[in-house]
Amino acid sequence: MRCPLCKGSTIDFYRDEREFARCTVCKAIMLLPRYFLTAEEEEKRYLLHNNNVEDLNYLHFISPITNAVQEDFPVTSTFGLWLWYRPGSFSLFKKTGVFH
């Protein structure tokens, strides 16, 4: 298998109920394609997520992202931030202090 990131060769990395490979060039770790979810399974799993800005566990989970945005792009920055459309996207950044 070739690495999907850099096209380097891969070696076996880890095996449990699924198998993972590691790129010998960029060191990326990837799940072997035969274990990928189908489109239907992926959608079903996605629909289980509840990305609610009132959920403290969710806010904790995404804090590395929101903290990095706050550190790299101060409020005075003129750099534009593209937000994917998702209910609560703007209020999420507002609540976490990215937007004031």
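The values are calculated or read from the model by the stated rules, or taken from the named source; none is laboratory data. Bear in mind that the values here come from a model prediction, so they are computed numbers and not experimental data. Here the Cβ is made from the backbone with ideal geometry for all residues, glycine too, and neighbour counts use every protein chain on show.
Selection of segment 33-47 for residues being among the aliphatic types (A, V, I, L, M) and within 24 Å of Met1 (Cβ to Cβ) yields Leu37, Ala39.
Please work out which residue is surrounded by the most Cβ atoms within 10 Å (Cβ to Cβ), limiting yourself to segment 1-32 and to residues that are in a strand (DSSP E or B) and among the aliphatic types (A, V, I, L, M). If you could, list the steps in order and put the result at the bottom.
Residues of segment 1-32 that are in a strand (DSSP E or B), as a first pass: 2, 9-15, 19-23, 29-31.
Within this subset, residues satisfying the condition of being among the aliphatic types (A, V, I, L, M) are 11, 21, 29-31.
Values: Ile11: 9, Ala21: 20, Ile29: 12, Met30: 16, Leu31: 14.
Here the answer is Ala21.
Looking only at residues of segment 33-86 that are surrounded by 10 or more Cβ atoms within 10 Å (Cβ to Cβ) and aromatic (Phe, Trp, Tyr), we find that the one that is modelled with the lowest pLDDT is Phe73.
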